[in-house]
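A.B. asks: Just dropping this structure here.
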Amino acid sequence: MMYRMDEVLSLIDNKGIKYDLEKHVPVYTIEEMDELELPFSDFVVKNLFLRDYKGREHFLVVLKKDKSADLKKLKVILGSTPLSFASEDRLSKYLGLSKGEVTPFGVLNDESHSVKIFIDKDVVADGKLAIHPNDNKATVLIGVKDLIGLIAEYGTEVRIIDLEGDLNG
């Protein structure tokens, strides 16, 4: 089954998960999201779909929208070889998504459970996050614990990371 927006919303409704939904024009960047002035814009996050050097491992990293991720540092945190952004072809193949739609809900389309999800601790601390429901014409505000539980129930582990942590131990 391919999870698009209607299927994602139906799934979270059936699970009894509370959420807020805002439909809007298609957006492709954080800047465009900010221009929408959503009522929950403080909870909008960045979702980075990355691959390792040889393209054998894929990662989805979720961080606050105003935070940046140093790929060299992130490589160490994730225990990976050098990282780069995955192509749109890989995004489609692994998550069933297109450019501008990257979201943790995409792992519902990852039948091989090959994409690893990492959420920065600052997103977890906020308690909620605003993400696309596999369609960049809408944004869902959902509890972080609800999202992690849903993804874990699907069979994909979510790890919490500290993007600002001291790598020297």
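A.B. asks: Please work out the Cα center distance from segment 74-150 to segment 33-47, rounded to the nearest Å.
C.D. replies: Their Cα centres are 16 Å away from one another.
A.B. asks: What is the dipole size for the chain, taken about its Cα centre, with +1 at each Lys and Arg Cβ and -1 at each Asp and Glu Cβ, in debye to the nearest 20?
C.D. replies: 600 debye
A.B. asks: Still on this structure, please answer the following. For segment 1-118, what is the accessible area per residue in Å², given a 1.4 Å probe and the full set of protein chains?
C.D. replies: Ligands and nucleic acids excluded, the result is 54 Å² per residue.
A.B. asks: Among [x] 61, 32, 26; [y] 73, 32, 24; [z] 41, 32, 27, only one was calculated for this model; which label is it, if the read-out is Cα extents along the principal axes in Å?
C.D. replies: The listed entry that was calculated here is [z].
A.B. asks: Beyond 20 Å, how much of the Cα-Cα pair distribution for segment 41-106 remains, as a whole percent?
C.D. replies: Above the 20 Å cut-off, segment 41-106 has 28 percent of its Cα pairs.
A.B. asks: Further question on the same structure: Is it possible to state the helix-based mean residue ellipticity at 222 nm for the chain, with each DSSP H run of 4+ residues giving -39500 (n - 2.57), the sum divided by total residues, to the nearest 500 deg cm²/dmol? What is it?
C.D. replies: Only helices count here, giving -8000 deg cm²/dmol.
A.B. asks: Beyond a 31 Å Cα-Cα separation, which of these cross-linked pairs lie in this structure: Lys75/Lys128; Lys67/Lys145; Lys15/Lys75?
C.D. replies: Values: Lys75/Lys128 26 Å; Lys67/Lys145 21 Å; Lys15/Lys75 35 Å.
As for pairs spanning more than 31 Å Cα to Cα, those are Lys15/Lys75.
A.B. asks: Considering the chain as a Gaussian network with a 10 Å cut-off on Cα pairs, which listed residue, Lys15, Lys64, Lys23, attains the greatest mean-square fluctuation?
C.D. replies: The residue that fluctuates most here is Lys15.
A.B. asks: Classify segment 73-169: rounded, prolate or oblate, from the alpha-carbon gyration tensor (a ≥ b ≥ c, eigenvalue square roots; a/c under 1.5 rounded; otherwise prolate if a/b is larger than b/c)?
C.D. replies: Since a/c reaches 1.5 but b/c is at least a/b, the shape of segment 73-169 is classed as oblate.
A.B. asks: Quick check on segment 1-159: of the DSSP beta bridges with both residues there, what percent are antiparallel, nearest 5%? Present the calculation step by step, with values, prior to reporting the outcome.
C.D. replies: Details: 18 of 26 bridges.
Looking only at bridges with both residues in segment 1-159, the antiparallel portion is about 70 percent.
A.B. asks: Now a separate question. Give the relative contact order (percent, whole number) for the chain; include only Cα pairs under 8 Å separated by 6+ residues.
C.D. replies: On the way: 289 pairs, mean separation 48.7, N = 169.
Computed over the chain, the figure is 29 percent.
A.B. asks: To continue, here is another question. Rule-of-thumb check for segment 11-61: C-alpha Rg over 2.2 N^0.38 Å?
C.D. replies: 1.54
The values are calculated or read from the model by the stated rules, or taken from the named source; none is laboratory data. The model shown is predicted, which means the values in this text are computed figures rather than measured ones. Here Cβ is always computed from backbone atoms with ideal geometry, including for glycine, and neighbour counts include all displayed protein chains. Side chains included, ligands, DNA and RNA excluded: accessible areas come from the protein's heavy atoms. Shrake-Rupley method; radii C 1.70, N 1.55, O 1.52, S 1.80 Å.
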